[in-house]
Amino acid sequence: MSLFFQTLNERKEELVTAIFQHLAISLAALIGAIVIAIPLAIMLSTRKKAAEVMLQVTSVLQTIPSLALLGLLIPFVGIGTLPALIALIVYALLPIFQNTYIGLSEIDPSIEEAAIAFGMSRFRRLIKVELPIALPVIVSGIRTALVMIIGTATLAALIGAGGLGTFILLGIDRNNPTLTLIGAMSAALLAILVSSLIRFLQKRKPRVTLFTLAFLLIGFAGIGISQSTLFSKETVVIAGKLGAEPDILIHMYKELIEERNPKIEVELKSNFGKTNFLFSALQHDQITVYPEFTGTVLESLVTLKDSEKPSNSSEEVYEKAKQLLEQQYAMTFLEPMTYQNTYALAVKRTFAEENQLTKISDLAKIQNKIHAGFTLEFIDRSDGYKGIQELYQMSFDTQAMEPALRYQAINNGEVNVIDAYSTDSELKEYDLVRLEDDQHLFPPYQGAPLMKQTTAEEMPELVEALNQLSGKITEQQMSELNYLVNVENQSPEKVAHDFLVKEGLLEEEKK
């Protein structure tokens, strides 16, 4: 319990920011859903067949898995706040539309007749009679929608929209249940508090209810969204993938840029998402730069003909990646660091000794005993499990899991082979053995900053600052830096700063 409160105290500022982001996107989505669903329900309240069709449409939309919907939106609107807002609005339509329609359509016909007899126009009947009667049912639908939105909004962190989901993702990635618990509990408490507030307002006069709701919705949404990426001012935005290593690198980028030109404002987006999310964000100018890997560029981001494939020379792989990024996307791939964070297959040391495993080919003799835990990305890559099947002529019993979970799974004995990165601190933490890639499946993976060519041309000081890391950081050094963050719980900011000072890239007195 003391660890929980200690972590809460250390991250209270981050938590407050995440709560505001979560409220902002949730309430903004609710406003959008209300603006769409309530007028639509009013219009269709006297058209039963059309209303039934709309109920079916909103029901079908709500059955689409949230991750699938976010994935479908990314090619059109990029990542960040906007696709998350659209997805949440879609999910909130059904309860609001349904309750508004039911509330209006089930009003006693005699009341309608009396209003007509008094000479009320259609609009006056709606404002003075129908909506006040239906309001409790409508507010109940709004309450249901908001609770659902707050819960679903945790997934917004997967596409860089922030919120309490960042704590959950960070907790999973760092194998830190306390962070996950803080994020989950905060989201649950937020839903309970907002739901209780709306329930309280249901018992008040309609005008009081509407005024209070409007004030809270516009106030919170306005404050939060003004701080979000949707309306952020022009600045250098550096993003990193999930994990300690990208987090360390982007903090290095930040300090080097600010040291070179203190007038440049730098904003960090830690744990922003997976490869395709970041690349899409870069294309849509939602971020300025992020650290990418040479092998990933050739395998996942550019179109590479078989005749163009380079050898496994790190220099050739980098030059080909740089060339194709310039030709196909008008992007600049800066000079790489020394270390290679390449893929590997790893097993427990005891398992390796029992089965005399030193290289990947050795797994062929025990295929029937292998229960592998691989990330979805590794399973789907030609330099991952697909390549193992083709080049090594092996197939395993395989489970797909999130990166951090596969280490927990092998440590608990649920799987006995996992994919790993060569600089992962967990290899040391869990006493795992990397199997030699004796058929040379995995290409070189050198890290380097990736940005648009226009950015490099407009901000040459950015290029100069980041190129200071060219040829720096060995594989051993990167593994140790990851260990300091993941195992010894040092902050990525401190680890990055200490390394830069040690390498003479920053002055000691800098924070």
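The values are calculated or read from the model by the stated rules, or taken from the named source; none is laboratory data. Nothing here was measured: the structure is a model prediction, and the numbers come from that model. Heads up, the Cβs are rebuilt from the backbone with ideal geometry, glycines too, and the neighbour counts pull from every protein chain shown.
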### Message
What's the total number of residues in the stretch 365-398 that are among the hydrophobic types (A, V, I, L, M, F, W, C) and exposed (fewer than 15 other Cβ atoms within 10 Å of the Cβ)?
### Response
1
#### Entry: Single condition Ala84 does not satisfy, out of (1) buried (at least 21 other Cβ atoms within 10 Å of the Cβ); (2) touching a Phe, Trp or Tyr at 6+ places or on another chain (Cβ under 8 Å)
(2)
### Hits in the stretch 404-415 - residues which are crowded, with 23+ Cβ neighbours inside 10 Å and out of contact with any Gly (no Cβ under 6 Å at 6 or more places or on another chain)
Tyr407, Ile410
### Query
In the stretch 344-368, which residue that is in a strand (DSSP E or B) and in contact with a helix residue (DSSP H, G or I) (Cβ under 7 Å, 6 or more places away or on another chain) is nearest to Gln446 (Cα to Cα)?
Leu345
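Test of understanding: among Glu414, Glu426, Glu461, which residue is in contact with a helix residue (DSSP H, G or I) (Cβ under 6 Å, 6 or more places away or on another chain), at negative phi, of a type in the set (D, E, K, R) and outside the structural domain of Gly240 (by TED's automatic domain parsing)? Before the answer, list the steps.
On the way: Glu414 fails: in contact with a helix residue (DSSP H, G or I) (Cβ under 6 Å, 6 or more places away or on another chain); Glu461 fails: outside the structural domain of Gly240 (by TED's automatic domain parsing).
Checking each option against the conditions leaves just Glu426.
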### Query
Of all residues in the stretch 275-310, which are within 15 Å of the chain's Cα centre (by Cα), modelled with pLDDT of 90 or more and of a type in the set (A, V, I, L, M)?
Leu282, Ile287
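Can you tell me which residue is nearest to Met459 (Cα to Cα) among those in the stretch 262-273 that are touching a residue at least 60 places away in the same chain (Cβ under 8 Å) and crowded, with 16+ Cβ neighbours inside 10 Å?
Residues of the stretch 262-273 touching a residue at least 60 places away in the same chain (Cβ under 8 Å): 264, 269-273.
From the residues that got through so far, the ones that are crowded, with 16+ Cβ neighbours inside 10 Å too are 269-273.
Details: Lys269: 20, Ser270: 22, Asn271: 25, Phe272: 23, Gly273: 25 Å.
Once the filter is applied, the top-ranked residue is Lys269.
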### Query
Among the helices (runs of 4 or more DSSP H) contained in the stretch 407-473, which hold 3 or more residues that are of a type outside the set (Val, Ile, Thr) and closer than 27 Å to Asn489 by Cα?
426-429
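Take the residues in the stretch 327-357 that are exposed (fewer than 14 other Cβ atoms within 10 Å of the Cβ) and in contact (Cβ under 8 Å) with a residue 60 or more places away in the chain, then tell me which one is nearest to Leu391 (Cα to Cα). Explain how you work it out, then say what you get.
To start, the set of residues in the stretch 327-357 that are exposed (fewer than 14 other Cβ atoms within 10 Å of the Cβ) comprises 327-328, 330, 349-350, 353-354, 356.
Checking the rest, the ones that are also in contact (Cβ under 8 Å) with a residue 60 or more places away in the chain come to 330, 349.
Values: Ala330: 33, Arg349: 25 Å.
Out of the qualifying residues, it is Arg349.
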### Message
Quick test for you: out of Gly183, Gly103, pick the one residue that is modelled with pLDDT of 85 or more, assigned to a helix (DSSP H, G or I) and more than 20 Å from Ala404 (Cβ to Cβ).
### Response
Gly103
